[in-house]
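Okay, so here's the structure we're looking at.
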Amino acid sequence: MAVCGPAMAIALVLWISMANSLAMAASKFDEVIQPSWANDHIIYDGDLLMLKLDNSSGTGFASKSKYLYGKATAEMKLVPGDSAGTVTAFYLSTDGDNHHEFDYEFLGNRTGEPYLVQTNLYINGTGNREQRMDLWFDPTTDFHNYSVLWNPQQVVFLIDDTPIRVYSNQESTKGIPFPRDRPMAVYSSIWNADDWATEGGRVKTDWSHAPFVTTFREVRIDGCEWGVDNVDWESEVKRCSESQWGKEGRYWWKEKEMEMLNVHQSNLLLWARSTHLVYDYCNDPARFPVQPAECAH
C-alpha cells in the first residue's frame with residue numbers, strides 16, 4: 001500500500017490550492033467574458049487574467065452579454081518594459097455595418113518612455129475622432145481602472161474615476177449624431193501594431209522581449225443587459241432608455257446627476273486635458289480644415 005509522506009502531502013496541498021485558485025479566477029472572469037480568439041494566449045494566474053502577445057499571435061476576449069447604456073471597467077496593468085509596437089485595447093462596440101464604438105488603445109513604447117493612451121469614437125461607422133494623452137502614473141507597475149460610462153446624454157472616458165474625455169449628446173440641438181439605440185459588447189485585445197503604434201511606426205516590435213503580457217485583475221460591467229431570446233428590439237430600447245429600474249436593479253447610470261459632469265469632475269477633466277493631452281483631432285487643421293461640428297461644444 002502506498003504511503004503519503006510529509007513532502008508528498010505538502011505538494012498535494014499546494015497543487016490543490018493552486019488548482020482552486022485558478023478555478024476561482026476562471027469563474028470570476030467567466031461570469032462576464034469569454035475568449036474571442038487565440039484561446040491558448042489567455043492565461044489564468046491566481047485571481048488574475050493575462051493576455052499574451054508573441055510572434056505567433058495576440059489574443060482577446062469579449063463580454064458574454066451586450067448592453068444598452070451602463071459603465072464598463074477594466075482593472076488592468078499594462079505590458080511592462082519595452083512594449084514598443086504593441087497595442088492593448090479595451091473597447092465597446094455594436095455589431096454590423098455603420099457601427100458605434102468607444103475605444104481605449106494603449107500604445108506601447110520604448111523602455112523608459114511613457115505610454116500614450118489613444119481614445120476614439122465611431123458613430124454610424126465613422127471614426128477619425130482620435131485623442132491622445134500621456135498618463136500621470138506608470139500604468140505598468142500597478143493596476144488602474146479604465147472605464148467608459150455611456151448613457152443617453154453622454155459618453156465619458158474615465159481613468160481611476162478622473163474624466164479624460166466627454167462626448168455629449170447634441171443630436172436634438174445641433175443634429176450631431178449620438179450613439180444610441182443599439183447594444184454594445186465589451187472587448188479587449190492585444191496585438192502587434194508596429195506599423196503605426198510607436199512614433200508613427202518608426203519603432204518596431206522587438207520580439208526578443210516577448211511575450212508581452214497585459215494583466216487584468218477585474219472586468220466589471222454594470223449596465224442594461226440586452227435580451228437574447230426572441231428579443232423585441234423596440235421594447236428593449238424602451239426598457240434600457242426610459243426606465244430607471246429594470247431586471248438588473250436601479251439604472252444609476254441614467255439618473256439626473258449622471259447626465260453631465262459635476263463641478264469636481266469638470267475640474268478634473270480640465271486638469272487632465274491641460275496637463276496630459278498631446279493630440280486632439282479637434283485641433284488638427286491639416287486633417288480637418290473645417291473643425292468637426294461636435295468640437296465646438
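Every number here is computed from the coordinates shown, using simple stated rules; none is lab data. Nothing here was measured: the structure is a model prediction, and the numbers come from that model. In this analysis, Cβ positions are derived from the backbone assuming ideal geometry, glycine residues included, and neighbour counts consider all displayed protein chains.
The GluC sites (Glu not before Pro) of region 199-286 that meet both conditions, a loop assignment by DSSP and at most 12 other Cβ atoms within 10 Å of the site Cβ, are E255.
Dipole magnitude for region 22-296: computed about the Cα centre from +1 point charges on Lys and Arg Cβ and -1 point charges on Asp and Glu Cβ, it is near 420 debye.
Seen against the Cα atoms of the chain and their longest principal axis, helix 233-242 is set at about 80 degrees. Model label points for R287 and H264, set 7 angstrom from Cα along the Cα-to-Cβ axis, are 3.4 nm apart.
Ranked by the mean number of other Cβ atoms within 10 Å per residue, highest first, peptides 77-86, 132-141 order as 77-86, 132-141. Simple rule: put +1 on each Lys or Arg Cβ and -1 on each Asp or Glu Cβ in the chain, find the dipole, and look at T94, I33, V166; the Cα lying farthest toward the positive end is V166. Considering all different alpha carbon pairs of the chain, the Kirkwood hydrodynamic radius works out to 20.8 Å.
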